[in-house]
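Have a look at the structure below before the remarks.
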2 protein chains.
Amino acid sequence: VLSPVVTPFTSDLRPDAARLARHCRWLLGNDVGLAVFGTNSEGNSLTVAEKAGLLDALVEAGLPAARMMPGTGACALPDTVELTRRAVTHGCGGVLMLPPFYYKDVSDDGLFASFAEVIERVGDSRLRIYLYHIPQVSRVPIGLALIDRLLQRYPGTVAGIKDSSGDWDNTRAMLERFQPRGFDVFVGSETLLLANLRAGGAGCISATANVNPAAIAKLNRDWQQPDADARQAALDRVRAAFQGFPMIPALKATIAHCSGDASWPTVRPPLVALTAEQERQRREKLHALGFAMPGLRLAGPDDATAPMPASGGG
Amino acid sequence: VLSPVVTPFTSDLRPDAARLARHCRWLLGNDVGLAVFGTNSEGNSLTVAEKAGLLDALVEAGLPAARMMPGTGACALPDTVELTRRAVTHGCGGVLMLPPFYYKDVSDDGLFASFAEVIERVGDSRLRIYLYHIPQVSRVPIGLALIDRLLQRYPGTVAGIKDSSGDWDNTRAMLERFQPRGFDVFVGSETLLLANLRAGGAGCISATANVNPAAIAKLNRDWQQPDADARQAALDRVRAAFQGFPMIPALKATIAHCSGDASWPTVRPPLVALTAEQERQRREKLHALGFAMPGLRLAGPDDATAPMPASGGG
């Protein structure tokens, strides 16, 4: 289980590396990996230099690169190459790679060339690419024929996919065709986690793992236990509460509320924070579920050097 | 009339400033302005540093910044600010600004905040923003209510729009509501040029102005002459020939063919060059129309310092 880690901003909209590191540490302490710079990280509202700087800062803060899967796919090929190379150099466990997403209705030949060019330019056997299929946002789908072609040409390097389509038929087709070839299929929401694990999938990379990591990670570990369906149902109730709101502002508002850190709700345009009325409803819904984020705490001066919490806690 | 100037690449996919300057000079000599880094420029396949470098090179080569309207809108706010500021500093006539285009279904509040934040950060009274409405590619439309709000808050700075929707009802609504307030409406194809000019519009910013600039510019000047409809029909025939192919590769193939410069067809992924069969058909279609690009020439060693051709020629 990984979380597309939400990115905290200062009041003048600069990314805040110290608060990001703190949230990452809490997530790792709850057995959730770090898919920084994903869609829910406002990753595409950050410049390449900002992402490079944040990645450096996280490694510098002692967070384990092996547990990171930064989003590196950009519209411009050299941007994707630069960020991917940096992730590999840091020893990141993988990268989550959007296709170039400005031009629409592009051919599989063009998308294949995009990924191939990145792989060739990075030219590092340690590279592990997880393709990022999120057609409702990127509007550039990654289809089965393209995956097949990439896997044939770059086995090992093309290591898996995050299927955020929410289309289980698509996920199942990937599992059937590619998982036997060592291709890891992650679903984009924990609502499909149990189904994915039962069908041989790898796990999930989910927005709400930012706020509900321990319970999601527990189902991921204990999915063969008899209480798995009940655990899935409990995850679904929390997820449903969030899906009534714009996801990113709701996640940030929740972290702000649970940590007491009032600066968390800031988002970069074009996103907007929750309205006061939305925030009231969010608190009400989560309160009704008895929702909490145990162990989350306010900023402290020792954040940058604090030891890693033990894994699997929460 | 402006052209989203196609961007030439070297065989290893680097942008080629010298060849770009040469094409810009030819366009200006045919009375067409320079909307560099537009959609048809593969503008979103270029990094911010590449665009900044090309803009510097064009100005350095003696091309008039006042005739440039670089595309500066990016997904990440600081990228948009950086490139817009550079354009203003160079004295560019305007900038063509996409909304941040990764996140979809964003609110007008969020889009307003995006543009407002750029305007405030650039903080220069010389800034002239032409909004870029191309919903079929960006998938982030710029609606009438948003324009109204931006015009009220930033009159003068918000100077106009390129409406590439191809939806004449939308263009007409903009003309009726905003042109009287000094807001220039450009259509995104010369097929609507005469209709736009007759309704009070400002002109067009069109892909095919890369290859057919003189004739488009002539209609723009002489639209009140009795032969205007015949001129429009002639423009439409050329445009129709190109629309049978992927536009950007077809433009580049045409420039390659007419200039004898075989390096022009190179595109960056995710785009792909025309197939041999498409190229054969392209030549046949344009030959049947008697199409030519007079005055276009091969690269010469003196390009960087060549004098500007007289305006209005071709």
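The values are calculated or read from the model by the stated rules, or taken from the named source; none is laboratory data. Because the structure is predicted, anything quoted here is derived from the model rather than measured. When we count neighbours, we look across all protein chains shown, and the Cβ atoms used for this are built from the backbone with ideal geometry, even at glycine. With ligands, DNA and RNA removed, areas are computed over all heavy atoms of the protein, side chains included. Shrake-Rupley method; radii C 1.70, N 1.55, O 1.52, S 1.80 Å.
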Exercise for review: Could you tell me how many degrees, from 0 to 90 and to the nearest 10, lie between the Cα long axis of helix B:168-178 and the main elongation axis, the longest principal axis, of the Cα atoms of chain B?
Suggested key: 50
Check your understanding: Hey, got the dipole for region B:1-124? About the Cα centre, +1 on K and R Cβ, -1 on D and E Cβ, debye to the nearest 20?
Key -> 460
Study note, to complete from the structure: For A:GLU117, the accessible surface traced by a 1.4 Å probe with all protein chains present amounts, in square angstrom to the nearest 10, to 50
Review point. Under a Cβ-Cβ cut-off of 14 Å, what is the net charge of the residues other than B:LEU235 that fall near it, where Lys and Arg count +1 and Asp and Glu count -1?
Key: 0
Study note, to complete from the structure: Taking Cα atoms, the helix A:276-288 axis meets the longest principal axis of chain A at an angle in degrees (rounded to 10) of 90
Revision key, fill the gap. For region B:187-230, the Cα gyration tensor yields equivalent-ellipsoid semi-axes (√(5λ), largest first, whole Å) of 16, 12, 7
Check your understanding: When every alpha-carbon pair in chain B is counted, what percent end up more than 24 Å apart?
Key -> 51
Exercise for review: Would you mind checking which residues have amide H under 5 Å from A:ALA74's amide H? H placed 1.01 Å from N; only 5 or more apart, or other chain.
Suggested key: A:THR80
**Study point:** Stokes-Einstein translational diffusion, region A:151-298 - Kirkwood Rh over all Cα pairs, 0.692 mPa s, 37 °C, in µm²/s
**Key:** 196
Practice item. Have a look at the DSSP beta bridges in chain B and tell me what percent are antiparallel, nearest 5. Key: 5
Exercise for review: Specify, per residue and in Å³, the volume enclosed by the convex hull of the alpha carbon atoms belonging to region B:39-83.
Suggested key: 76
Study note, to complete from the structure: Semi-axes (Å, rounded, descending) of the ellipsoid equivalent to region A:148-210 per its C-alpha gyration tensor are 20, 12, 10
Point to revise | Cross-link pairs beyond the 32 Å C-alpha cut-off, checked among A:LYS162/B:LYS162; B:LYS51/B:LYS162; A:LYS104/A:LYS218; A:LYS162/B:LYS285; A:LYS51/B:LYS104 | key: A:LYS162/B:LYS162; A:LYS104/A:LYS218; A:LYS162/B:LYS285
**Study point:** Cα radius of gyration and Dmax for region B:1-105 (Å)
**Key:** 12.9, 42
Check your understanding: What are the semi-axes of the equivalent ellipsoid of region A:179-266, taken as the square roots of 5 times the eigenvalues of the Cα gyration tensor, listed largest first and rounded to whole Å?
Key -> 27, 14, 11
Check your understanding: Quick one: which bits of region B:240-272 get at least 40 Å² less accessible when the partner protein chains are in, versus the chain alone, with a 1.4 Å probe?
Key -> B:PRO269, B:PRO270, B:VAL272
Check your understanding: When chain A is treated as a GNM, springs tying every alpha-carbon pair under 10 Å, which of A:VAL272, A:VAL95, A:VAL118 comes out with the largest mean-square fluctuation?
Key -> A:VAL272
Review point. Taking the Cβ of A:THR47 as the center, what net charge do the other residues with Cβ under 12 Å away carry, scoring Lys and Arg +1 and Asp and Glu -1?
Key: -3
Review point. Chains B and A: buried accessible surface, both sides, probe 1.4 Å, rounded to 100 Å²?
Key: 3100
**Study point:** Relative contact order (%) - criterion: Cα under 8 Å, at least six apart; region: chain A
**Key:** 21
Revision key, fill the gap. Scoring region B:138-292 by relative contact order with C-alpha pairs under 8 Å, at least six apart, yields a percentage of 15
Review point. Looking at the P(r) of the protein assembly as shown, how many percent of alpha-carbon pairs lie beyond 38 Å?
Key: 36
Revision key, fill the gap. When the charge dipole of chain A is computed with +1 at the Cβ of Lys and Arg and -1 at the Cβ of Asp and Glu, the Cα pointing farthest to the positive end, of A:PRO99, A:ALA228, A:MET68, is that of A:ALA228
Point to revise | Full-extension gain in nm, B:ALA292 to B:ARG280, via 0.36 nm per residue minus C-alpha separation | key: 2.7 nm
Point to revise | Using θ = phi - 60° and Karplus 6.51 cos²θ - 1.76 cosθ + 1.60, couplings along region B:64-71 (whole Hz; Gly, Pro as x) | key: x, 4, 4, 9, 10, 9, x, x
Exercise for review: List every residue whose amide H lies under 5 Å from the amide H of A:GLY203, counting only residues 5 or more places away in sequence or on a different chain, with H placed 1.01 Å from N in the peptide plane.
Suggested key: A:VAL187
Practice item. Give me the Kirkwood hydrodynamic radius of region B:50-180, using the inverse of the mean 1/r over all pairs of distinct Cα atoms, in Å to one decimal. Key: 15.0
Point to revise | Dipole moment magnitude, nearest 20 debye, the protein assembly as shown about Cα centre, only Lys, Arg, Asp, Glu C-beta charged | key: 60
Check your understanding: Hey, in the GNM for chain B with a 10 angstrom Cα cutoff, which one of B:SER206, B:SER125, B:SER259 fluctuates hardest?
Key -> B:SER125
**Study point:** Spatial separation of Cα centroids for region A:249-287 and region B:25-47, in angstrom
**Key:** 42
Practice item. Run a plain Debye calculation on region A:239-295 (Cα atoms as equal point scatterers, no solvent) and give log10 I(q)/I(0) at q = 0.15, 0.16, 0.24 Å⁻¹, rounded to two decimals, same order as the q list. Key: -0.38, -0.44, -0.99
Check your understanding: With contacts defined as alpha carbon pairs under 8 Å and 6 or more residues apart, what's the relative contact order of region A:1-68 in percent?
Key -> 38
Practice item. Using a 10 Å cut-off on Cβ to Cβ distances, tally the other chain neighbours for every residue of B:150-156 and report the average as a whole number. Key: 0
Exercise for review: Principal axes first, then extents: for the Cα atoms of region B:106-154, list largest minus smallest coordinate on each axis, whole Å, largest first.
Suggested key: 31, 18, 15
Revision key, fill the gap. Across A:LEU20, A:LEU271, A:LEU235, the residue with the highest GNM fluctuation in chain A (Cα network, 10 Å cutoff) is A:LEU271
